[in-house]
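Novice: Take this structure first; my questions come after.
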Amino acid sequence: MRLFNILMTGLIIFLLTGCMDTQKSEKPIGYDKTAQEWYDTIQKSVATGALETADKEFISFRSEHINSNLLPATMLILAFAHMKEEEYLLANFYLDEYLRRYPGGANGSYARFLKLKAEFLSIRDIDKEQKQVIKALRDAKNFYASNTNSVYAPLVQTIIARLEMSQFLMNEEVADLYNRIDKPKAAKIYRDKNKIYPFKRENISSPSGFLSNLSLDSFSFGF
């Protein structure tokens with residue numbers, strides 16, 4: 001029994017020491033900073049790739065300085081940083097928060113464009129994510145209709161073209177499938193769907209794996 005007590009005491013001391021060492025190694029987020037100090041701290045975390053730390057710092061910044069004029073810029077910085085890491089859900093969190101609080105102005109248009117771009121880039125499999133493709137295409141067309149003179153309009157036109165092209169190619173693939181199994185009427189339905197598009201199949205260069213990986217630079221086209 002005495003040996004057991006000694007071993008248990010040693011184990012508890014070991015665990016406590018480990019916990020203390022872990023706590024010492026963790027970088028504290030801090031509190032009670034000025035808005036400028038929080039802004040600089042978050043910028044530094046983003047620059048070093050510590051986005052999880054930056055997210056925690058943002059929460060503290062927002063709670064301490066809810067009306068700071070540095071808060072909107074911080075939201076856009078974090079949204080863009082998460083987009084670069086392909087963390088689109090987190091990017092959308094900041095963009096939604098930004099647009100809820102600051103919907104107007106040039107930066108509002110920029111935030112809406114970033115949200116659209118994140119929606120587009122988050123599509124990985126156009127065959128399995130048809131609902132997302134259709135929604136992204138609708139959102140892109142709505143953005144363009146409301147912002148035809150925007151500096152982002154040409155980029156949105158590119159997104160629309162890529163999404164429409166993905167629909168066009170998918171319809172062609174389905175039509176080919178129905179032709180192979182001798183169902184010409186079903187094939188015609190999908191070919192007729194493509195009559196609304198200005199594309200020609202021979203003018204679209206589709207790389208290997210196109211239907212499972214759609215990105216801004218995934219293919220070239222001409223029409």
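The values are calculated or read from the model by the stated rules, or taken from the named source; none is laboratory data. Just so we're clear, the structure is a prediction, and the values are computed from it rather than from any experiment. With ideal geometry, Cβ positions are generated from the backbone for all residues, glycine too; neighbour counts draw on all protein chains shown.
Novice: Conditions: (1) part of a helix (DSSP H, G or I); (2) touching a helix residue (DSSP H, G or I) at 6+ places or on another chain (Cβ under 8 Å); (3) under 25 Å from Phe120 (Cβ atoms). Leu89 meets all but one. Number of the miss?
Specialist: Failed condition: (2).
Novice: Just the residues that are closer than 30 Å to Pro103 by Cα and crowded, with 16+ Cβ neighbours inside 10 Å, please, taken from the stretch 156-194.
Specialist: We begin by selecting, within the stretch 156-194, every residue closer than 30 Å to Pro103 by Cα; these are 156-164.
Within the stretch 156-194, Val156, Ile159, Ile160, Ala161, Arg162, Leu163, Glu164 meet the criteria.
Novice: So if I check each of Ala50, Ala54, Ala81, which one is within 11 Å of the chain's Cα centre (by Cα), at pLDDT 95 or above and aliphatic (A, V, I, L, M)? Quick ask: steps written out before the conclusion?
Specialist: Numbers: Ala50 fails: within 11 Å of the chain's Cα centre (by Cα); Ala54 fails: within 11 Å of the chain's Cα centre (by Cα).
Answer to the selection: Ala81.
Novice: Could you count how many residues in the stretch 134-161 are in contact (Cβ under 8 Å) with a residue 40 or more places away in the chain and in a helix (DSSP H, G or I)?
Specialist: Quick first cut of the stretch 134-161, residues in contact (Cβ under 8 Å) with a residue 40 or more places away in the chain only: 150, 152, 155-156, 158-159, 161.
From what is left, the residues that are in a helix (DSSP H, G or I) are 155-156, 158-159, 161.
So the count comes out to 5.
Novice: Looking only at the stretch 127-155, which residues are surrounded by fewer than 20 Cβ atoms within 10 Å (Cβ to Cβ) and among the aliphatic types (A, V, I, L, M)?
Specialist: Of the residues in the stretch 127-155, the ones surrounded by fewer than 20 Cβ atoms within 10 Å (Cβ to Cβ) are 127-132, 134-135, 137-139, 141-142, 144-155.
Correct list: Ile134, Leu137, Ala145, Val151, Ala153, Leu155.
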